[in-house]
Amino acid sequence: MTDLRSSLAAQGPVDLTTIATDATPQFDGTKRDARRLLPEIGKRLMASQELLFANGRAGTTDRKVLMLLQGMDTSGKGGTLRHVAGLVDPQGLVITAFKAPTEEERSHDFLWRVERRLPPAGMIGVFDRSHYEDVLIGRVRSLADSDEIERRYDAINDFEQRFVDGGGVLLKCFLHISPDDQKERLAERLDDPTKYWKYNPGDLDERELWDEYQRAYEVVLERCSTPSAPWYVVPAGRKWYRNWAIATMLGETLDELDLKWPEADFDVEEQKRRLATM
């Protein structure tokens, strides 16, 4: 199997209407197969994460990983967190869910609050929504003028390049669903009292702007997919494929770090002798 990231990477002009949301690139199995494979991928993730975490604690690496999850409402950001982030050790994980900026955050540049949540060396960070909200809803809802939106695209690319230059690796995942996918999932929430808490009437207001949001995402995928920080379009119409794909790409990303176990900073044999006498 070739690297899944190469199959899902956003390249050149992007037309989301041409990318099927129920596609399963590089996976020929069934829903049951994907669910069966996820724990196996989890073992690999756990081992790779422990290696990263150990090096971070030992001060032997500046490497860290940041996974961004973006998508329309009901695309599965929360589900991805449960099924993929839940596969790794929480002590090596930092999760941030970005909501509407506070008054203090609005008094700073839009990247200020994001800088404060970047993972340190040895950690995996996950952003549920991110700095891209400021060129998505900011563009669609005209929360900033066109000149400011244009400035932000370049500012984001510079910001992400600095993160990469400092040892970071970005895994930017756009969870791609269709209007029909979203309608079905919203209906499920309205039909199930245990899911009322997930439902927000404001989601229908955003749904009315579906085409505008799709175009805003297409611009993001074109303008902010760089060699150092590419975007990946993950078909998310099938939840089981979404989970398998993102777990697989996270595994590929961690393996690519090619870390070794930190060497002891003490005399191992001496410590064995001391322990034997106790």
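The values are calculated or read from the model by the stated rules, or taken from the named source; none is laboratory data. Here the structure is a predicted model, which is why all the values come from computation and not from measurement. FYI the Cβ positions are ideal-geometry reconstructions off the backbone, even for glycines, and counts take in every protein chain you see. The accessibility values were calculated without ligands, DNA or RNA, using every heavy atom of the protein model including side chains. Shrake-Rupley method; radii C 1.70, N 1.55, O 1.52, S 1.80 Å.
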> (1) among the charged types (D, E, K, R); (2) exposed (fewer than 15 other Cβ atoms within 10 Å of the Cβ); (3) more than 30 Å from F266 (Cβ to Cβ): which one isn't true of D73, the others all being true?
Replying inline: (2)
> Hey, does the range 15-24 have a residue that's at pLDDT below 95 and open to solvent by 50 Å² or more (accessible area, probe 1.4 Å)?
Replying inline: no
> Could you list, in sequence order, the residues of the range 180-202 that are over 22 Å from the mean Cα position of the chain (by Cα) and open to solvent by less than 60 Å² (accessible area, probe 1.4 Å)?
Replying inline: L186, A187, R189, D192, Y199, G202
>> I need every pair where a residue in the range 11-23 that is closer than 15 Å to C173 by Cα has its Cβ under 9 Å from the Cβ of a residue that is surrounded by 15 or more Cβ atoms within 10 Å (Cβ to Cβ) and among the hydroxyl-bearing types (S, T, Y), sequence separation at least 6 or different chains.
In response: Q11/S225; V14/Y217; V14/S225; L16/Y217; T21/S178
> Could you say which residue among T21, T30 is among the β-branched types (V, I, T) and in contact with a Gly (Cβ under 6 Å, 6 or more places away or on another chain)?
Replying inline: T21
> (1) surrounded by fewer than 19 Cβ atoms within 10 Å (Cβ to Cβ); (2) within 26 Å of L87 (Cβ to Cβ): which one isn't true of D265, the others all being true?
Replying inline: (2)
> Does R162 satisfy the criteria of being free of Cβ contacts under 8 Å to residues at least 60 places away in the same chain and either of a type in the set (K, R) or under 22 Å from L93 (Cα atoms) (or both)?
Replying inline: yes
>> Taking the conditions exactly as written (within 30 Å of R63 (Cβ to Cβ), surrounded by fewer than 15 Cβ atoms within 10 Å (Cβ to Cβ) and of a type in the set (D, E)), does D154 satisfy them or not?
In response: yes
> If you go through the range 203-233 one residue at a time, how many are assigned to a helix (DSSP H, G or I) and exposed (fewer than 11 other Cβ atoms within 10 Å of the Cβ)?
Replying inline: 1
> Could you say whether any residue in the range 247-258 is part of a helix (DSSP H, G or I), open to solvent by 50 Å² or more (accessible area, probe 1.4 Å), farther than 22 Å from I156 by Cα and in contact (Cβ under 8 Å) with a residue 12 or more places away in the chain?
Replying inline: yes
> Just a yes or no: is a residue in the range 11-29 touching a His at 6+ places or on another chain (Cβ under 8 Å) and among the polar types (S, T, N, Q)?
Replying inline: yes
>> Can you tell me which condition R151 does not meet? The list is (1) farther than 30 Å from K31 by Cβ; (2) of a type in the set (K, R); (3) in contact with a helix residue (DSSP H, G or I) (Cβ under 9 Å, 6 or more places away or on another chain), and all the others hold.
In response: (3)
